[in-house]
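See structure below.
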Ligand SMILES: NC(=O)c1ccc[n+]([C@@H]2O[C@H](COP(=O)([O-])OP(=O)(O)OC[C@H]3O[C@@H](n4cnc5c(N)ncnc54)[C@H](O)[C@@H]3O)[C@@H](O)[C@H]2O)c1
């Protein structure tokens with residue numbers, strides 16, 4: 001039987017969910033939507049969808065099996081608890097909560113009412129991420145020592161409620177939660193320590209830049225850097241990059257549908273005769289160009305991934321075929337790491353994990 005979805009919050013992402021479920025997801029349909037601003041629901045595409053301006057009314061509907069919570073971040077806890085009490089299964093948008101404490105309160109209610117609860121961390125299906133993960137999983141650059149994941153906006157733009165603290169604004173809650181989730185989903189090792197710099201470069205209330213350096217038990221250091229005020233007069237208004245360094249090669253990936261290469265050397269550079277290169281800043285051997293036959297490249301791995309895979313997994317797991325890909329224990333780990341990030345940024349200290 002088709003899973004019947006109700007969507008609470010019909011702004012930008014509520015529309016994206018409606019469109020995807022209605023037009024692409026097999027075994028699912030949207031039966032009800034809700035937004036406190038009635039006009040926002042005027043362009044709903046689902047025929048005969050029920051529309052409400054009060055979430056309680058949507059939650060009282062018998063023909064809603066799963067509620068998608070797509071309201072601004074500060075309302076997630078309240079809506080998840082209401083939905084659990086109404087006996088509805090829940091997919092909450094990211095960030096699931098503002099703190100670990102809030103999430104614990106939500107888990108207590110979803111457990112009490114025995115409803116299914118997961119979080120829309122669909123960037124686990126991003127193409128650039130899946131390629132980076134394939135390189136890591138397949139040891140395509142050998143033993144990895146560093147993974148850098150970065151995202152830069154060149155026009156200084158943050159918008160709407162994201163610039164206010166009381167609505168759960170700021171880039172850590174917005175993109176940080178995806179970028180951290182990706183790294184923790186990829187690196188199969190315990191986090192040992194973390195250092196972070198978090199800044200409000202131009203925003204009064206919320207962070208618009210962060211750099212997080214994480215050290216894992218398996219020896220990998222991972223750096224995540226994001227800036228919204230990384231001004232540049234480029235044709236493209238953002239850049240997404242990965243760099244993965246290992247002992248048999250490096251990989252760079254640029255963009256969400258990435259260009260990039262795996263780069264290797266035919267022999268270790270220590271056995272390549274050093275050639276002095278003259279630069280404007282003087283001579284160098286280590287950073288000069290290599291002889292012609294030393295560097296060679298390979299294509300990035302092919303991956304087959306789409307955001308709809310989140311819902312395909314959901315529908316299957318809902319019917320008992322496998323597990324939800326995004327587990328509450330995982331999003332809790334991301335939230336506790338975010339709390340450590342703020343502590344490190346405020347104190348300037350390295351945070352060690354037992
Ligand atoms: N997973 C992703 O990639 C992704 C992308 C964008 C947004 N999001 C998340 O989706 C959520 C919504 O973000 P958005 O960009 O769609 O914001 P938005 O402002 O475009 O939409 C939010 C909507 O919620 C409505 N709303 C507010 N209070 C309400 C209430 N009490 N009851 C019903 N409706 C209410 C607003 O009127 C608005 O239309 C956020 O948590 C955000 O982090 C996730």
* Which one of these is out of contact with any helix residue (DSSP H, G or I) (no Cβ under 9 Å at 6 or more places or on another chain) and closer than 20 Å to residue 173 by Cα: 317, 345? -> 345
* Asked: When you go through (1) surrounded by fewer than 18 Cβ atoms within 10 Å (Cβ to Cβ); (2) more than 10 Å from the ligand (Cβ to nearest atom); (3) under 21 Å from the mean Cα position of the chain (by Cα) one by one for residue 21, which number turns out not to apply?
  -> (1)
* Only listed residue being farther than 21 Å from residue 100 by Cβ, in contact with a helix residue (DSSP H, G or I) (Cβ under 8 Å, 6 or more places away or on another chain) and away from the ligand (no atom under 16 Å from the Cβ), chosen from 208, 197 -> 197
* All but one of (1) farther than 28 Å from residue 64 by Cα; (2) within 13 Å of the ligand (Cβ to nearest atom); (3) assigned to a strand (DSSP E or B) hold for residue 152; which doesn't? -> (2)
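Here, each number is a calculation from the coordinates, and none is a lab measurement. As the structure is a computational prediction, the values presented were derived from the model and not from experiment. A quick note on method: Cβ atoms are made from the backbone with ideal geometry, for glycine too, and the neighbour counts reach across all protein chains shown.
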